[in-house]
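Presented below is the structure to which this report refers.
Just so it is clear, none of the values below were taken in a lab; they were calculated from the coordinates. Given the structure is predicted, the values throughout are model-derived calculations rather than measurements. Cβ sites come from the backbone with ideal geometry, for glycine too, and all protein chains shown count toward neighbours.
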């Protein structure tokens, strides 16, 4: 029996996500009441997205990987771990064994938490379940136990929902988004950490009233927002350091090819994920309608992707300045152990800072200082998880160029929650169980504190009307 | 043919949901238009080739063409009024 199961499992791995997911998604779509044609088209589109991402990752790994190695040998700058960014992370997560079942699992967790009152958020942004799937896949790979992976994914989602609840009042007020919360794996943990930082900044003389205006920054730093220009410039810089004109004609060709390839990769990766997203959309729409129907008339926060907040001027300004800061941090922290070369996720910095900016009430100076502290710490987490991250990428069927370049990402690799579950996974079964208990305690404490706060506010409002 | 640019934080996540709904809607009411997606960072430098922007997030003040806010197309509450606003700009 064991032998048969292993044979099936190994055959599924051979097929890879580009074949398995179309089948799974079609079945899931049918279960949600979609017509066969629509469900099958959605599934096939997702398969195509996977193949597209794999092609671009091959380009990134094949071109940038060796150049980063050469740069390390030439200058002793040990930044050889390639940041493949959130587009690849999402694909790796959905392509993992946990990713295959994350949508029904996530819906189930959310519904249970809503029914028990442990969350106030109905997360209709099913796409971002991938953050939880990635955590599950990481823990699964570290412990070799699929069920511990499932447990971790479910617990991660519960914590993120709680974080969405905590930051919701700030998000709603600052971004003027009534009834919205951001249970978003990227931005929510950073938003939570911004509260103690804000408390600290209030107590540092000189910093208290320091701010900057977003308009000037947008004009001056606008170029850092354009992925293709950023890719080209970074490619040229890495190229010059990797191929320092020992053989001018040959090296110039190598530098230029690298620069255009990196521009291409940074431009194409999000497009490829767009295809994945397009395929997932009919499914997530059907699931949203299905769940919203189950809770008629109940009032809760609608959980969205923090993408809807990214256009806020202070978020844009902070992110633009964070691009050069992140690159400098990576180089400066290299002697201390950072090995991650920030690339694709430089375009995703807005998501790291989105909720933080709201907590800092749009103060750009605070957002930049807070963002820099957390990104600096995050680079070490991203370095730490790189081997495990690379393993789940390869297990999910991705080709990372010759010699399999070691990869990581800023958005999820550097995330404090990823660090927590990495530590848990390294602790084996006991580690995962301890982490899960701590996380669930956090969820329960959050509920109690939020309920208490609401009661106080109601009481205060009542006294106000009586007076 | 009018060009409609759908804008969100990534040019992928929420804008794909909105883009598909806008495309389906325009096809249903018979308004010919090109629907494209983009990220808000691309607008910062102010070069926009479109007749209408439909956005799920804030767009920079430097943008001079009409903007329709389309958060309702993601949450599913109040979709009709967003479609009406889009139609009125494209008519």
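Here are the numbers for the structure shown:
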| item | result |
| --- | --- |
| Label-point gap, in nm, between residue A:426 and residue A:251 - each point 7 angstrom along Cα→Cβ | 3.9 nm |
| Mean-position separation - Cα centroids, segment A:104-175 and segment A:369-409, in angstrom | 21 Å |
| Extension reserve of the residue A:229-residue A:394 stretch, reckoned as 0.36 nm per residue once the Cα distance is removed | 56.5 nm |
| A:41, A:271 arranged by Cβ crowding within 10 Å, fewest neighbours leading | A:271, A:41 |
| Kirkwood hydrodynamic radius of segment A:281-418, from inverse mean 1/r over distinct Cα pairs, in Å | 17.0 Å |
| Kirkwood-based shape ratio for chain A, expressed as Rg/Rh from alpha carbons | 0.98 |
| Chain B, relative contact order [Cα under 8 Å, separation at least 6], % | 32 percent |
| Segment A:1-54: C-alpha pair distances exceeding 16 Å, % | 48 percent |
| Efficiency of FRET from Cβ geometry, residue B:1 and residue A:451, R₀ 51 Å, rounded to 0.05 | 0.40 |
| Computed helical MRE - 222 nm, the protein assembly as shown, DSSP H runs ≥ 4 contributing -39500 (n - 2.57), nearest 500 | -22500 deg cm²/dmol |
| Residues B:8, A:439, sorted so that the one with the fewest Cβ neighbours within 10 Å comes first | A:439, B:8 |
| Residues of segment B:4-38 with amide N under 17 Å of a point placed 7 Å along Cα→Cβ from residue B:87 | B:21-33 |
| Cβ-derived FRET efficiency at R0 60 Å, residue A:73 paired with residue B:72, nearest 0.05 | 0.65 |
| Residue A:55-residue A:108 pseudo-label distance in nm [points 7 Å out on the Cα-to-Cβ vector] | 3.7 nm |
| Extent along principal axes [Cα atoms of chain B; Å; largest to smallest] | 34, 28, 18 |
| Percent RCO, i.e. relative contact order, over segment A:331-416, from Cα pairs under 8 Å lying at least 6 residues apart | 39 percent |
| Sequence-separation-based contact order of chain A, relative, with Cα cut under 8 Å and 6+ spacing, percent | 27 percent |
| Within 10 Å of each Cβ in A:273-284, the average number of Cβ atoms from other chains | 3 |
| Mean projected area in nm² (Cα convex hull; one quarter of hull surface) for segment A:260-357 | 9.4 nm² |
| Potential extension, residue A:203-residue A:14 segment - 0.36 nm per residue separation minus Cα distance | 62.3 nm |
| Cα-projected label distance for residue A:115 with residue A:260, points at 7 Å along beta-carbon direction, nm | 5.8 nm |
| Shape box of segment A:389-467 [Cα atoms, principal axes, largest first, Å] | 74, 28, 17 |
| Likely footprinting exposure, B:25, A:131, fewest C-beta neighbours within 10 Å first | B:25, A:131 |
